[in-house]
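Chemist: One structure, as structure tokens, below. Some questions next.
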Amino acid sequence: MLRVENLVKTYPNGTQALRGVSFSVEPGEFLVIIGLSGSGKSTLLRCINRLIEPTSGSIFFDGKDVTQASGEELRHYRRHIGMVFQQFNLVKRSSVMTNVLSGRLGYNGTLSTTLGIWSAEDKARAIKALDRVGLVNKADARADALSGGQQQRVAIARALMQEPKLLMADEPVASLDPVLSHSILGYLEQLNKNDNVTVLCSLHFLDLVHRYATRVIALKDGQKVFEGLPNEIDRAKFKEIYGEEAQDVSATRV
Amino acid sequence: MTYAILSAILPGLGQFVQGKQARGLAILLAFATAMIFTVWWGQLVWFVFPAIIWAWNIADAIKPRKESLPFLAWLVMALGIGAAATEFDLGALARNAERGAIILRPMLQPDLFIPGTLTPSFNGRFVFEGIAQTLGMALLATTIGGILAIPFAFLAARNLMSVNAITRAIYFAARTFLNLARSIESLILAIIFVKVVGLGTFAGFIALTIHTTAALGKLFSEIIEAIDPGPMEAISATGATWLQMVRYAVIPQIVPQFTALTIYRWDINTRTSTIIGLVGGGGIGFFLNQWIRNGDYRAVSASFIAIAVVVMVMDFVSARIRARLN
């Protein structure tokens, strides 16, 4: 469903974040991207929905090149791709309900939403999305009154409002207490298995990769250095991706 | 030795040639200003200061020295000339004590109410009218200036206007306009608008509004530039338009601070509008100016009291509201 070809991103300061990355994502996959901080994972994900403009290369979504899309075409493309962030990126002073509803902005007119008018259908959809992440009783709370794990669940509900075909998650558990990792990734897995949403997720911990990924790609210095099944990453491969000094750590040591 | 000769010819040149450009320029600037002040002031004794800087600069060219000596010499010279230029003379206060008493004695009996009642006296009525004009002018100018500042703030916020070359050009134009308009004080604007629309509160209102728009526009744009970019990114990722992104990711982050700044500006505008009448812009300052000219010092002290009460109340109210917003 998604094919990335020879993607290059050079920042204005000369940093080469991506140096020709190619891979594809098949429908229904839970594809995990691993690599050190600064290896280009975040840039790659943001290039896919064009939050960052790639320098060169192509991105095909459902067979259509979206690298040149702009205006309405770009917005309609983004609508299909939900995104969850490391820092949750909720609007802290707004209510949980408003945060979730904002996931529906791409489907609604600018005028009505700017006035804060939402259809009963969208409101019902938001309640349903909050129900799925178990936070329906927090709908009226301010987003910053919630714990980190709860905020990330609100962010998942916001992405759900887009009825996404693809859900991208940029280090979704890196800012959370490790014991919450399985809670958040469990929701993503549920969406992946029950709703057939394809997931593209960057992760840090190898045990989480083994537990959730159906396939893995690894980035190092902006280049793809591995592509394969999770159980193919053995000690040697691990050292290759993360360097000699790396030590595998466990996300959950219970 | 060559460096010393170079520095003797032109202070700082020796240091400059040694590769210490900033030091060389600073020495030249200090020496030049000291010379200019001395010549302009025209008293020979002041030459001692450029001489000290010149001598030190030669020594420094041979071997680097601490900067405290020339710095101190320059500071003493600047303070000395400043004192001479302001005709600093405490004796003048003592010599004219009698004149001071003539002014101060009536001021101890402010003319606000008819004695023994709470009915405003003839002048007292003008004090109350002036205060009402002042308060009204400040409130209206703050409200309208604050509203006008919002579109300017968005256009002058770098993080929102770095979409492409056109938006960046708009950003520079808006920022330049705000900086220029802000650099002209309300009082000066008032002098001009008194000439345009005539004496009275309206001229003061226009002056205050323009200054408020520029000052708040700049401060608002800085608030916008400091917001968390995360939510903007997240809302854009949902397929929202730019306007939707601003409405859902930017505005919720800025409203509390915009409100706090506007209330602070209301406080400042109330102060300014008490004196804007001195140049004909209406309000209590207008009456105050008349009373000072006519030597009606009882009415002058009545307006002082009224102004003090208004400023203190505004100060208290604005601090309380801002504390609750944080």
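Please treat every number below as a calculation from the coordinates, not as lab data. On a predicted model such as this, the values are computed, not experimentally measured, just so you know. Reconstructed Cβ throughout: ideal geometry from the backbone, glycine too, with neighbour counts over all protein chains shown.
Chemist: Evaluate peptide B:252-263: per residue, the Cβ atoms of other protein chains within 10 Å of its Cβ; return the mean as an integer.
Modeler: 1
Chemist: How far apart, in nanometres, would the label points at B:LEU10 and A:ARG215 be if each is projected 7 angstrom from Cα along the Cα-to-Cβ direction?
Modeler: Between B:LEU10 and A:ARG215, the simple spin-label model gives 7.0 nm.
Chemist: Where does the protein assembly as shown land at 222 nm, in deg cm²/dmol rounded to the nearest 500, when only DSSP H runs of n ≥ 4 count, each adding -39500 (n - 2.57), divided by all residues?
Modeler: After summing the helix terms and dividing by the residues of the protein assembly as shown, the value is -18500 deg cm²/dmol.
Chemist: Which of A:LYS9/A:LYS41; A:LYS64/A:LYS165; A:LYS165/A:LYS220; B:LYS195/B:LYS218; A:LYS193/A:LYS237; A:LYS41/A:LYS220 have a Cα-Cα distance over 19 Å?
Modeler: A:LYS165/A:LYS220; B:LYS195/B:LYS218; A:LYS193/A:LYS237
Chemist: Next up: Efficiency by 1/(1 + (r/R0)^6): what FRET value for A:VAL225 and B:ILE184, r their Cβ-Cβ distance, R0 = 51 Å, to the nearest 0.05?
Modeler: So the FRET efficiency works out to roughly 0.25.
Chemist: Further question: What average count of beta carbons from other chains do you get within 10 Å of the Cβ of residues in A:78-85?
Modeler: Average neighbour count from other chains, rounded to a whole number: 3.
Chemist: Also, I was wondering about something else. Please give, to one decimal in nm, the separation of the simple spin-label points placed at B:ARG324 and B:LEU118, each 7 Å out from Cα toward the Cβ.
Modeler: Reported label-point gap for B:ARG324 and B:LEU118 is 2.6 nm.
Chemist: Work out the FRET efficiency for B:LEU75 and A:ALA246 from their Cβ-Cβ distance, taking R0 = 56 Å, and round it to the nearest 0.05.
Modeler: Computed FRET efficiency for B:LEU75 and A:ALA246 comes out at 0.45.
Chemist: Further question on the same structure: Using a Förster distance of 30 Å, how high is the FRET efficiency between B:GLN21 and B:GLU222, based on the Cβ-Cβ distance and rounded to 0.05?
Modeler: For R0 = 30 Å, the calculated efficiency reads 0.35.
Chemist: Another one. For A:42-49, what's the mean count of beta carbons from other chains sitting within 10 Å of each residue's beta carbon? If you can, show how the numbers build up before the last one.
Modeler: Details: counts 0, 0, 0, 1, 2, 0, 0, 5.
Rounded to a whole number, the mean comes out at 1.
Chemist: Sticking with this structure for a sec: In a shell of Cβ-Cβ distance under 12 Å around A:GLU73, excluding A:GLU73 itself, what net charge do Lys and Arg (+1) and Asp and Glu (-1) give?
Modeler: +3
Chemist: Another question, then. Give, in nm to one decimal, the length gained when the segment between B:ALA84 and B:ARG65 is fully stretched (0.36 nm per residue of separation minus the Cα-Cα distance).
Modeler: Length difference between fully extended and current span is 3.7 nm.
Chemist: Pull up the DSSP beta bridges for segment A:121-246 and report the antiparallel fraction as a percent, rounded to 5.
Modeler: Given both bridge residues lie in segment A:121-246, the antiparallel proportion sits at roughly 50 percent.
Chemist: Further, regarding this structure: For segment B:1-103, run through the GluC sites (Glu not before Pro) and keep only the ones in DSSP coil with at most 11 other Cβ atoms within 10 Å of their Cβ.
Modeler: B:GLU87
Chemist: Going by average Cβ neighbours within 10 Å, how do the peptides B:155-162, B:262-269 rank, with the highest at the top?
Modeler: B:262-269, B:155-162
Chemist: A further question on this structure: I want to check the label-to-label distance for B:ASP315 and B:TRP242. Put each point 7 Å from Cα in the C-beta direction and report it in nm to one decimal.
Modeler: Between B:ASP315 and B:TRP242, the simple spin-label model gives 4.5 nm.
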